[in-house]
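The structure appears right after this line, and notes come after that.
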Amino acid sequence: MYIIAGLGNPGRKYAHTRHNVGFDAVDRLAEDCRISMEGKKFQGIYGIGYIGGQKAVLVKPQTYMNLSGECIRDFLYYYRVDPEQELLVLFDDISLEPGNIRIRKKGSAGGHNGIKNIILHAGTQNFARIKIGVGEKPSSWDLADYVLSPFSRQDRELVDGALDHAADAVKMILEGSMEAAMNQYNRKREAPSPQAEGRRTGE
């Protein structure tokens with residue numbers, strides 16, 4: 001059994017912001033695989049179904065981003081899942097442009113507080129993750145304000161495409177094709193110049 005966790009913040013005010021693309025990715029996956037996300041326990045919203053022929057629990061922690069690990073730890077323990085083998089986390093990354101995703105088998109938190117907390121509670125950084133690009137912070141912005149802000153219309157379109165790629169990548173990974181997924185989706189996709197301008201102006 002796999003635990004697939006998308007990171008974000010609960011509440012309508014944070015819906016579809018940059019920091020919540022992990023939630024968006026899990027919702028897209030649940031829709032594609034017809035998995036109901038109506039379960040609630042361990043400070044999380046969850047659903048159980050089959051993805052890529054494997055039984056999986058989709059989780060959206062409701063602890064707020066910086067405490068994501070508390071929820072995921074309880075799911076790992078309850079379902080007796082080894083995080084180094086059967087945990088996959090989806091989250092935002094400001095080092096990637098919108099439209100890009102990056103699959104990693106393991107790694108450090110890289111400054112992401114949600115991942116830092118998962119590493120703390122899982123006791124390892126050796127778990128798979130899919131980073132979803134939200135674009136670099138403009139120099140005039142505060143980081144917290146930036147990641148908690150909505151996308152421009154142009155960036156939103158790019159991110160929607162990336163969510164489709166992330167969902168397809170999850171399916172490939174659960175089918176046992178991690179390397180193929182990395183080869184297919186870790187390629188940089190150039191964003192058109194108008195979206196960069198739109199992001200700077202906040203349009």
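The values are calculated or read from the model by the stated rules, or taken from the named source; none is laboratory data. Worth saying up front: this structure is predicted, and the values here are computed from it rather than measured. Because the Cβ atoms are built from the backbone with ideal geometry, glycine has one as well, and the counts that use them run over all protein chains shown.
Could you tell me how many of the residues in segment 124-168 are small (G, A, S), closer than 20 Å to K13 by Cα and out of contact with any Asp or Glu (no Cβ under 8 Å at 6 or more places or on another chain)?
So in segment 124-168, the residues small (G, A, S) come out as 128, 133, 135, 139-140, 144, 149, 152, 161-162, 166-167.
Now restrict to residues that are closer than 20 Å to K13 by Cα: 144, 149, 152.
From what is left, the residues that are out of contact with any Asp or Glu (no Cβ under 8 Å at 6 or more places or on another chain) are 144, 149.
Qualifying residue count for the region: 2.
Tell me yes or no: at least one residue of segment 151-165 is of a type in the set (S, T, N, Q), more than 30 Å from Y77 (Cβ to Cβ) and in contact with a Gly (Cβ under 9 Å, 6 or more places away or on another chain). If you could, list the steps in order and put the result at the bottom.
Looking only at segment 151-165, we keep the residues that are of a type in the set (S, T, N, Q), and these are 152, 154.
Next, only the ones that are more than 30 Å from Y77 (Cβ to Cβ) stay: 152, 154.
Applying the additional criterion that residues be in contact with a Gly (Cβ under 9 Å, 6 or more places away or on another chain) yields 152, 154.
Yes, the conditions are met somewhere in segment 151-165.
Going by the structure shown, is S152 at pLDDT below 90, crowded, with 16+ Cβ neighbours inside 10 Å and farther than 17 Å from E84 by Cα? Before the answer, list the steps.
Values: at pLDDT below 90: yes; crowded, with 16+ Cβ neighbours inside 10 Å: yes; farther than 17 Å from E84 by Cα: yes.
So S152 fits the description; yes.
Quick check on segment 80-118: of everything there that is surrounded by fewer than 23 Cβ atoms within 10 Å (Cβ to Cβ) and among the β-branched types (V, I, T), which residue is modelled with the lowest pLDDT?
In this case the residue turns out to be I94.
Per-residue answers, yes or no, for (1) closer than 22 Å to K131 by Cα; (2) surrounded by fewer than 23 Cβ atoms within 10 Å (Cβ to Cβ); (3) in contact (Cβ under 8 Å) with a residue 24 or more places away in the chain; (4) touching a Ser or Thr at 6+ places or on another chain (Cβ under 8 Å):
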{"residue": "E31", "(1), (2), (3), (4)": "yes, yes, no, no"}
{"residue": "I45", "(1), (2), (3), (4)": "yes, yes, no, no"}
{"residue": "I48", "(1), (2), (3), (4)": "no, yes, no, no"}
{"residue": "G52", "(1), (2), (3), (4)": "yes, yes, yes, no"}
